[in-house]
Amino acid sequence: MADDRPRAVFAMDPAHLPALFPADLISRLSALVRIDPALCVEDFADERHAADLAKAEILITGWGSPPLDADALARMPRLRAVLHSAGTVRHVITEAAWERGLLVTSAAQANAQPVAEFTLAAVVFAAKDVFAIRDRYRTEHVYPTPEQTATAGTYRRTLGVIGASRVGRRVLDLVRPLDLEVAVSDPYLDPEQAAALGARLLELDELLATSDVVSLHAPDLPETRHLIDRRRLGLIRDGGCFINTARGAIVDERALTEELVSGRISAILDVTESEPLSADSPLYRLPNVFLTPHIAGSIGNERARLGAAVVAEVERYRAGAEPLYPVRQADIAHVA
């Protein structure tokens, strides 16, 4: 009996493959497509892979994947689908790939889950002033006084979410059970859509000026570079907390550093404009900054969720069903 499974090839940094596609997912994938789990292409021009690429109908890309430019596509005449096991496809899908009319999907929705979970924890810790209380407990060895915790707590505090992106929307879902006042700012939302997400739609400046905790979830685009600039940082109310799990380039890092050095506001930062920060950055040492090295997204066993999302897309592809999370050229202008 002829084997009608389509050919598929992995194209990414092979260091990521075992975590993205552990044995159980490889088994599911192998039942759907003909794929060599030991083959992971890092360079489409490598002649050792020419025969495999020439037969490939499906390309499974990920972190470290080379771009699908015209030369690469010429080596893959049978290619029909690119299933990306990470977030943005900007560095992989070129104009030539769009012109080919390829089906493109992304695991960005799956990656949104851990970022939103991290953000939920950050929002609660920020509202309860956890880090300042922890530091006082470390040095004073006594419980805080009512005066020291007078402004701490989540009840009816205002959370401002910048960007109704995949992550932003998931954050809005996760905070629904909390007694928070929630606002959102996004140029593509209207008030009714915001209300359906459980939030009040505000212009960005008003959101910054009226929120106790501000969480950034806008896409990293040329037009959003330094969207949160010195003037807008100055709008955040005294004692407010700024959370960034999106991208560092959306914030003027120098201006943010100056605000944090002054002690006027605090921040929970998983991303920075320069990564990693220089060793002499004050952000490492400031008591009002909680800094992590870009870990909010999928790490450890969370990466298998991304692989599972790809396998689900392969199942739908084989069944002739519409993909769960397609990426369309028209969307690229305003999504990450």
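A short reminder: the numbers here are calculations on the coordinates, not readings from a lab. If you're wondering where the values come from, they're calculated on a predicted model, not measured in any experiment. Ideal geometry is used to build each Cβ from the backbone, glycine not excepted, and the neighbour counts take in all protein chains shown.
Assorted remarks:
- Using R0 = 35 Å, the C-beta based FRET efficiency linking Glu140 and Tyr284 works out to 0.90.
- Rg and Dmax over the alpha-carbon atoms of the range 32-92 stand at 10.9, 28 Å.
- Label-point separation in nm, Ala121 to Ala2, each point 7 Å along Cα→Cβ: 5.2
- On Cα atoms only, tilt of 23-32 relative to the major axis of the chain in degrees: 40
- Only Lys, Arg, Asp and Glu carry charge here, each on its Cβ (+1 for the first two, -1 for the last two); on that basis the range 169-322 has a dipole of about 380 debye about its Cα centre.
- For the range 13-65 versus the range 228-296, the gap between their alpha-carbon centres in whole angstrom: 38
- Environment charge at His217 (Cβ cut-off 14 Å; Lys +1, Arg +1, Asp -1, Glu -1): -1
- Projecting label points 7 angstrom from Cα along Cα→Cβ for Glu322 and Lys55 puts them 3.4 nm apart.
- Taking amide H atoms as placed 1.01 Å from N in the peptide plane, the amide H of Arg200 lies under 5 Å from those of Val182, Ala183, Val184, each 5 or more residues away in sequence or on another chain.
- Charge tally in the Cβ shell below 14 Å around Gly248, where Lys, Arg are +1 and Asp, Glu are -1, Gly248 excluded: -4
- Thr61 long-range amide H proximity, modeled H, under 5 Å: Ala11, Leu83, His84, Ser85
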